[in-house]
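Taking it in order: structure first as structure tokens, then the write-up.
The values are calculated or read from the model by the stated rules, or taken from the named source; none is laboratory data. Computed from a predicted model, the values in this text were never measured in an experiment. When we count neighbours, we look across all protein chains shown, and the Cβ atoms used for this are built from the backbone with ideal geometry, even at glycine.
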Amino acid sequence: MLRLLCSLALLPVLGLARETPVADAAALKAALKQVSPGDVLILREGEWPDARLVMMAEGTKERPITLRAATPGKTIFTGDSRLRISGHHVVVEGLWFRDPALKEGDVIELRTSVHDFAYGCTVRGCAVTASSSGPEKGTNARFFSFYGTGNTLEHSHLEGKTTGGPTLVVWLTGGGEGGHVIRANYFGPRPRLGENGGETMRIGDSSTAHLNGHCEITGNLFQRCNGEVEIISLKSNENRVAANTFLECEGAVTLRHSHRSVVENNLFLGRHKKYTGGVRIIGEDHKVIGNWMVECDGTGPRSAVSFMNAIPDSPASGYYQVKRALVAGNAFMDCAASLTIGVQNNAACTLPPVDCVIRDNMFVSPEHRLVTLVTEAPGWKWEHNLMDGRSLGVEGLPGVVAGAPNPWPQRPAEVARSTVGVVWLK
């Protein structure tokens, strides 16, 4: 026995991972008192009702500390179960939170207190799913909240949220610097909430809109995310939304309180569902490039691309003027409203978008008007755009060529197969 104990004590020194079985929240707390970089804590299979797990640990980039299910998908948390993570280089794998009962707060939260955040941590192959039949208003709960810096959510499955509050939020407060990665996840159906606060994802908030988020949202699949007009709401600067698929989503990727963000190489496939849109532009120096907007039937702020009017001397929660946006290399195919310029949220929004560039795009929609000018837009440049529709809306402009494309571009199904690769978790 003494020889065995000595051997176990030498494992961290020798650089070998030590695996520790964990039966409940109390056992996890005890195991964390002796954990070392490279160790793996294995949660038992079965149901964990109303479990509150707190994971504070210090791993390294080369030797993270891992908390994982004994068998992915068979460690199932129910009721008011929650997971809190802080420290450096912690990895969580294979957990399923089924039908969470919380009315406020978060199911998974990358902090353990207002001072203890997560840094360089990863949540991988986990799921948070709800099966309630309709929206529940008046609550403010979330499935997942980022705090800290440089964390990752990947290959995970978030579906069925009906309560108020975004499905996922990145918070840029209290010392967190953003720089998070959200990649190759499935964001499943979310029904209409009928009020503000139904975003699938929000990066920042109005109070931190002046900060740089530096978040990467890449390679995800969003399916019927219909909570409200904003599928993704960027409320911080310099974020990138790339190579995602938005399938039958009633809304748009909204650059809400944001500057210098990039939306590129995404597929917005509406399949002629009502209210399906693409990108809504607010703020300065954004780039919307290389996207496919296909069969999107939204109009106004849910157009394939819409430019919002602004409020003079806007408050942080209002609408900043669009300046110097670049919309280039996109394909608009059979959309009800391909491009709408000067959308007004209310009568106070009187400042038009200015000094924008529309370059090298293709607009094809034989049954619809392609461009809707709600207000005049000074200082715009139109360069090398091909347009074929019932009416162009910008007849006679230099930089606009009327006529059908030749050769015809890839069909939507081919684009969907070639644009992104998302791991499905069900």
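Numbers for the structure displayed
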quantity: Search result, residues across segment 41-75 that are hydroxyl-bearing (Ser, Thr, Tyr) and out of contact with any strand residue (DSSP E or B) (no Cβ under 6 Å at 6 or more places or on another chain); calculated: THR60, THR71
quantity: Selection from segment 313-350 of residues that are of a type in the set (Ser, Thr, Tyr) and part of a loop (DSSP other than H, G, I, E, B); calculated: SER314, SER317, TYR319, TYR320, SER338, THR350
quantity: Residues of segment 254-265 satisfying the condition of being more than 19 Å from ASN361 (Cα to Cα) and outside any loop (DSSP other than H, G, I, E, B); calculated: THR254, LEU255
quantity: Lone qualifier among VAL294, VAL343, VAL279 - being of a type in the set (Val, Ile, Thr) and within 16 Å of VAL364 (Cβ to Cβ); calculated: VAL294
quantity: Within segment 103-124, considering residues that are outside any strand (DSSP E or B) and not charged (D, E, K, R), the one nearest to THR162 (Cα to Cα); calculated: LEU110
quantity: Strands (runs of 3 or more DSSP E) wholly inside segment 14-53 containing at least 2 residues that are within 12 Å of PHE77 (Cβ to Cβ); calculated: 46-49
quantity: Residue pairs meeting the criteria (Cβ under 9 Å; at least 6 apart or on separate chains; first farther than 11 Å from ARG224 by Cα, in segment 263-274; second part of a strand (DSSP E or B) and of a type in the set (Phe, Trp, Tyr)); calculated: ASN265/TRP292; ASN266/PHE246; ASN266/TRP292; LEU267/PHE246; LEU267/TRP292; PHE268/PHE246; PHE268/TRP292
quantity: Single condition PHE77 does not satisfy, out of (1) hydrophobic (A, V, I, L, M, F, W, C); (2) surrounded by 15 or more Cβ atoms within 10 Å (Cβ to Cβ); (3) closer than 16 Å to PRO21 by Cα; calculated: (3)
quantity: Inter-residue pairs, beta-carbon under 7 Å, first farther than 11 Å from ILE281 by Cβ and in segment 293-322, second among the acidic types (Asp, Glu) and modelled with pLDDT of 95 or more, 6+ apart; calculated: VAL294/ASP334; GLU295/ASP334
quantity: Candidate set from segment 184-231 (those that are surrounded by fewer than 20 Cβ atoms within 10 Å (Cβ to Cβ) and among the basic types (Lys, Arg)); member that is farthest from THR129 (Cα to Cα); calculated: ARG192
quantity: Residue match in segment 338-358 (condition: hydrophobic (A, V, I, L, M, F, W, C), surrounded by fewer than 22 Cβ atoms within 10 Å (Cβ to Cβ), closer than 24 Å to VAL262 by Cβ and touching a Pro at 6+ places or on another chain (Cβ under 9 Å)); calculated: yes
quantity: Verdict on ARG324 being among the basic types (Lys, Arg), surrounded by 24 or more Cβ atoms within 10 Å (Cβ to Cβ) and under 26 Å from LEU386 (Cβ atoms); calculated: no
quantity: Among residues of segment 296-312, those that are within 30 Å of ARG271 (Cα to Cα) and not in a loop (DSSP other than H, G, I, E, B), counted; calculated: 7
quantity: Matching residues in segment 375-398 - criterion: being in a loop (DSSP other than H, G, I, E, B) and surrounded by fewer than 16 Cβ atoms within 10 Å (Cβ to Cβ); calculated: GLU376, PRO378, GLY379, HIS384, GLU395, GLY396, LEU397, PRO398
quantity: Some residue of segment 200-219 being within 24 Å of TRP96 (Cβ to Cβ) and touching a Cys at 6+ places or on another chain (Cβ under 9 Å); calculated: yes
quantity: Among residues of segment 76-90, those that are closer than 17 Å to GLY120 by Cβ and either in contact with a strand residue (DSSP E or B) (Cβ under 6 Å, 6 or more places away or on another chain) or among the polar types (S, T, N, Q) (or both), counted; calculated: 6
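Table: residues versus (1) modelled with pLDDT under 95; (2) surrounded by 14 or more Cβ atoms within 10 Å (Cβ to Cβ); (3) touching a strand residue (DSSP E or B) at 6+ places or on another chain (Cβ under 8 Å).
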residue	(1), (2), (3)
LYS103	yes, yes, yes
ARG111	no, yes, yes
PHE117	no, yes, yes
THR122	no, yes, yes
THR129	no, yes, yes
PRO135	yes, yes, yes
GLY138	yes, no, no
PHE144	no, yes, yes
